[in-house]
1. Can you give the accessible area per residue of the chain, in Å², using a 1.4 Å probe?
2. In the chain, which chymotrypsin sites (Phe, Trp or Tyr not before Pro) are in a loop and have at most 15 other Cβ atoms within 10 Å, using DSSP for the loop call?
3. With a 1.4 Å probe and every protein chain kept in, tell me what percent of the accessible surface of the chain is carbon plus sulfur.
4. Using only the alpha-carbon atoms of the chain, report the extent along each of the three principal axes, biggest first, to the nearest angstrom.
5. Please identify every one of the GluC sites (Glu not before Pro) in the chain that sits in a loop by DSSP and has no more than 14 other beta carbons within 10 Å of its own beta carbon.
6. Return a whole-number percent for the relative contact order of the chain, with Cα pairs under 8 Å and 6 or more residues apart as the contact set.
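The values are calculated or read from the model by the stated rules, or taken from the named source; none is laboratory data. Keep in mind the model is a prediction, meaning the values are calculated, not measured. Every residue, glycine among them, receives a Cβ derived from its backbone with ideal geometry; neighbour counts consider all protein chains shown. Side chains included, ligands, DNA and RNA excluded: accessible areas come from the protein's heavy atoms. Shrake-Rupley method; radii C 1.70, N 1.55, O 1.52, S 1.80 Å.
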Amino acid sequence: MPFYVEYTVNQNADIRSALDAADREEALSRATDTVREAGCRAALLRFEATASTSFGQGVLVARYSETVGWETL
């Protein structure tokens with residue numbers, strides 16, 4: 001399923017990475033690894049039925065903050 005994790009690095013580079021995941025739980029697990037490796041403080045997990053490279057596109061599934069972790073919507 002086409003899940004995407006979006007985050008900002010160094011306050012000026014918006015990144016949208018596709019996640020190979022069968023469902024939301026697997027996507028959240030993979031997204032957690034991605035944001036930890038990037039060292040970002042906030043991120044969004046989105047779902048889009050078709051492949052897309054456009055930042056901000058798709059249904060917002062969850063949001064991440066360094067202090068709270070993932071919050072599903």
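1. Ligands and nucleic acids excluded, the result is 62 Å² per residue.
2. PHE55
3. Looking at the chain in its full context, I get 46 percent from C and S.
4. 29, 23, 20
5. Answer in residue order: GLU66.
6. Relative contact order for the chain comes out at 31 percent.
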